[in-house]
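A quick write-up on the structure given underneath.
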Amino acid sequence: MACGYGDSEKTELTPRNTTEKVSYGEGRFSKDGKGIYVTTDKDSEFHRLAYVSLATKEHWYLTTEIPWDVETFDLSYDGTRIAFVTNEAGLSVLYDFSTTTKIILHTHKLPTGVTGAVHWHKNGQELGFSLNNARGPGDVYSLDVATGKLERWTTSETAVKTDAFPGAELVRWKSFDGKMISGFSTGHRRSSPASAAAGGDSWRPEGQSQPTFLGRSNFYLNELGIALIYPNVRGSTGYGKRSP
């Protein structure tokens, strides 16, 4: 990662040759211009939110207590708050973080799904974001972080009504060697145990199953009464760099 200053020169902030495999995600300059907020898995299994000093190149990790990847974030216009989204066993969780006190102010419960494109309103109180879940392939929402009021702004074209589509539920079970693994089950409350079918990216095991819109697979749920289980196999993304 490099940074350009007013004299058009580039200054390297992170070393190129290290024994540890490190990746960096999104970056935002702090309000005072003295540092950059980033996501990185440096010194960690997971991508944490971090602050990098431009003067010393030192890293301060801000979400060490959360053992999951920080996937995206946005800095408020006044620089005092950061909204960030974590991927927790495939579920998106939204946090509101204070850059002055270095503590998490709120954890917001959103409809089960995958959250992205987080963006602060200029008033510093409202957040806009996208949400993909069982009842929509991707729509725009806003959240008042003070009151928790959630408002939906768009309704994507799906050709059929999706209000009755069953939501996904995070489930866990023991593998053959006693290790706990997880996945998402959809429609199991409508079906008998014998009518469950395993899904997921079996041909692409590194891809993580998440509770997104199922599209035509809803035919199995709504017309045939078949439950679908999308397991997250070992080695899939979202479970740390050295996930077995």
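Annotations for the structure displayed:
- Search result, residues across the stretch 133-143 that are at pLDDT 95 or above and either open to solvent by 30 Å² or more (accessible area, probe 1.4 Å) or of a type in the set (Gly, Ala, Ser) (or both): Val140, Ser142
- Condition met for Val160 (over 17 Å from Thr107 (Cα atoms), under 22 Å from the mean Cα position of the chain (by Cα) and aliphatic (A, V, I, L, M)): no
- Every residue from the stretch 164-188 that is touching an Asp or Glu at 6+ places or on another chain (Cβ under 8 Å) and either under 16 Å from Asn132 (Cα atoms) or free of Cβ contacts under 8 Å to residues at least 24 places away in the same chain (or both): Phe184, Thr186
- Filter result (in contact with a strand residue (DSSP E or B) (Cβ under 6 Å, 6 or more places away or on another chain), assigned to a loop (DSSP other than H, G, I, E, B) and at pLDDT 75 or above) within the stretch 188-244: Ser209, Gln210, Pro211, Thr212, Phe213, Ile226, Asn232, Gly238
- Only residues that are at pLDDT 95 or above and polar (S, T, N, Q) were counted across the stretch 33-52, and they come to 2.
- Of the strands (runs of 3 or more DSSP E) contained entirely in the stretch 9-49, those carrying at least 3 residues that are within 23 Å of Arg81 (Cβ to Cβ) fall at 24-29, 35-40.
- Residue within the stretch 11-21 that is without any contact (Cβ under 8 Å) to a residue 40 or more places away in the chain and under 20 Å from the mean Cα position of the chain (by Cα) present: no
- Pairing residues of the stretch 49-64 that are under 13 Å from Gly35 (Cα atoms) and open to solvent by 90 Å² or more (accessible area, probe 1.4 Å) with residues that are of a type in the set (Phe, Trp, Tyr) and assigned to a strand (DSSP E or B), at Cβ distances under 7 Å and at least 6 apart in sequence or on separate chains, gives Trp60/Tyr51.
- Search result, residues across the stretch 12-33 that are surrounded by fewer than 14 Cβ atoms within 10 Å (Cβ to Cβ) and among the small types (Gly, Ala, Ser): Ser23, Gly33
- In the set Asp96, Asp78, Asp74, Asp69, only one residue is under 26 Å from Ile181 (Cβ atoms) and among the acidic types (Asp, Glu); that residue is Asp69.
- Inter-residue pairs, beta-carbon under 7 Å, first over 18 Å from Val118 (Cα atoms) and in the stretch 144-159, second in a loop (DSSP other than H, G, I, E, B) and acidic (Asp, Glu), 6+ apart: none
- No other residue among Thr72, Thr99, Thr147, Thr112 is of a type in the set (Ser, Thr, Tyr), loosely packed, with under 15 Cβ neighbours inside 10 Å and either closer than 23 Å to Gly33 by Cα or modelled with pLDDT under 95 (or both) apart from Thr147.
- Residue in the stretch 79-91 that is polar (S, T, N, Q) and in contact (Cβ under 8 Å) with a residue 60 or more places away in the chain present: yes
- Scan of the stretch 78-95 for residues that are over 13 Å from the mean Cα position of the chain (by Cα) and either crowded, with 19+ Cβ neighbours inside 10 Å or at positive phi (or both), ordered by number: Gly79, Arg81, Ile82
The values are calculated or read from the model by the stated rules, or taken from the named source; none is laboratory data. What you see is a predicted model; the values in this text were computed from it and never measured. Methodologically, a virtual Cβ is constructed for each residue, glycine included, from the backbone with ideal geometry; neighbour enumeration extends over all protein chains shown. All accessible areas refer to the heavy atoms of the entire protein, side chains included, with ligands and DNA or RNA removed. Shrake-Rupley method; radii C 1.70, N 1.55, O 1.52, S 1.80 Å.
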